[in-house]
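All of the numbers you see were taken from the coordinates with simple rules; none came from a lab. Predicted model only: the values in this text are computed from it and were never measured. Neighbour counts are summed over all protein chains in view; Cβ atoms, including those assigned to glycine, are modelled from backbone coordinates with ideal geometry.
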Amino acid sequence: MSDGDDRDGRWLRLLLQDASAEELTAHGASLPGDGERQVLRALRLKTMLAQRAQRARELATLNDIAARLLTLRSPADLLPEIVDQARRLLRVDLAYLGLVREDPGLGRVLRLEVTSGALTPELVGVEVPMDSGLAGAILTQAKPLWSTDYLQDPTFRHSATADSAASAEHMHGLLGAPLTVRGEVVGALFASEREPREFAEEEVTLLCALAAHAGIALDNAATLERLEAAKDELARRSSELEQIVTWDRRLTEVVLRGGGVDDLLAEVTSAVGTAVRFEATGTDPGGRPDSVRGPDHRDGDDGATSTGFARVVAAGSRDLGTLTMPGVAEPPAAARLVLDRAAPVLALAMLAQEAAAEASGQARHVGLLELLTTVPDDPLGRSRQARLAGLDPAASYAVAVVQVPDEDQPTARKRIATLSLPAAASVVSHQGRVVVLAPGLSPEALGELLRADGHLTAGLAGPVEATGDLAAAHREAVETLAVVGALEGPGGVATAGQLGLYRVLLSHTGRAELQETFRRRLGPVEDEETRRGVPLLHTMRVFLDQGRRPGPSASLLRVHVNTLYQRLTTVDRLLGDGWREPARSLELHLLLRLQDGLTALREPS
């Protein structure tokens, strides 16, 4: 081995042993010739090796930091770790981090969130506008920037708030790097010295690398946080869905067992552990009361929905009522869920009850009409039919056929139902009239109840047993109504017996003979009336109704007395003067009254 190779090997061993500058200088001095030049070369190599070792240590530290950052899942834990590592890695006095936020008054700002090495708490919460400060320049330009002495630097617009905080921290040298997530600048990371300082390119690169890792970690943490929140929400929704299915099944089982509103309320009350009530809206056709309360209701309890939690029970746009928990303003989530699920099931149960009541009412209606229109031929079948129609087979009924002018049938039924009828009375519409069957009353007693209204016109028949010939009693009441309406007008109420001779004369057998007699006796007057258009027959009836007194007759006819005399003169000419005599005038008066009822009696019953 030559002397040159031995000298080179000695230098290499000293460098690998990380010999000090003094050791390198001493070795160079022992060499003959160009030892000084070799010392300079060795010192340069030592510096390069030290720098590379430092870079290697920094990169290793940066990798360790990146790995640690990725293990932190919460931004609240991640942000302090980032600034701590930045301060340690760059060996600075202070490090801090800010995130971009929306401020209602300033718009987009950088809000400083965390610090490491701060002397005061003033930095945290400082908001720097995007158009001012070194931070604003970093965010708008999306690149790292540094200042040797921040407070004295005139190259950017200063923020009074930021400068005040920087002054409190004695900040001078300042380096900042943008935090970028998916190509968008979301914040900035800063390293600061409390003395003026210039930052080397390697330090800028190091902070940018840490900021890049921090951005990725922040994005991952935010994503994980959203995923955790979504997982928690999914778990909550799954649990809620399971509870919903459970409650739907329990409430459905109550309905399938034939339970109604009270049974559902009992089930809900048992589940929530406190009183649950239902306040219905109005009264339905089935007669449900305005307020239906739970099974624990006591007289005097306050069912007011204004003092407790409530859920509306509705079917489409129809408001059926309110499900309430009196005295409980904010029930637990589980109780809310029970009420939420109970409301639609309760609505369905109420609609089913209404449908059943309506169907039952229609069945009774049809059965009753069949009893009123058919002749009994099977006593046993008639008894069963009476029960289906809501009648007592052992009871006798007074029958009334009522004509209510200027009212529809539902209004007429409600009006008649307000009278003091027996509780078991039936009221039904048939052929434009209202039929009333009242058990335990005589037709005369039923007539008194109807007459008390003052506006009802009615024909009465009976009493007849529910298994008897109700159809015959109905026909008799219809015919009686026609005669009463013709003879007495609106407000007349009578039985066939109370009509006396008029009922007999207007019977089916007497109508043809009555019409023939009328034509024979009063045909000339009827023909003249038709020819001239003057109400001669009506004038005759009014004149005879008033006892042949001209004054009252003219007043009722609303004509001058001279006009009345002219009409009577025409009648004298047609019938002769003798028509005014008592015997003949009585016959004509009776014919006129009976004729007024013939038109009504000709109509089908």
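For an R0 of 56 angstrom, estimate the FRET efficiency from the Cβ-Cβ distance between His455 and Asp232 and round to the nearest 0.05. Calculated value: 0.20.
Database remark: amide H of Leu179 closer than 5 angstrom to the amide H of Val186, Gly187, Ala188, Leu189 (H placed geometrically; neighbours at sequence offset of 5 or more, or on other chains; Pro and chain starts carry no H). In the calculated pair-distance distribution of segment 72-225, the portion above 21 angstrom amounts to 37 percent of the Cα-Cα pairs. Put the Cα centre of segment 438-480 next to the Cα centre of segment 84-161 and the gap is 100 Å. The phi torsions of segment 547-555, fed into the Karplus equation with coefficients 6.51, -1.76 and 1.60 and a -60° offset, translate into couplings of x, 6, 9, x, x, x, 5, 4, 5 Hz, rounded to whole numbers, with Gly and Pro shown as x. Shown for segment 385-497 is the translational diffusion coefficient from the Stokes-Einstein equation, using the Kirkwood radius over Cα pairs, a temperature of 37 °C and a viscosity of 0.692 mPa s: 240 µm²/s.
Amide H to amide H distances under 5 Å link Thr115 with no residue, where only residues 5 or more positions off or on other chains count and H is placed in the peptide plane.
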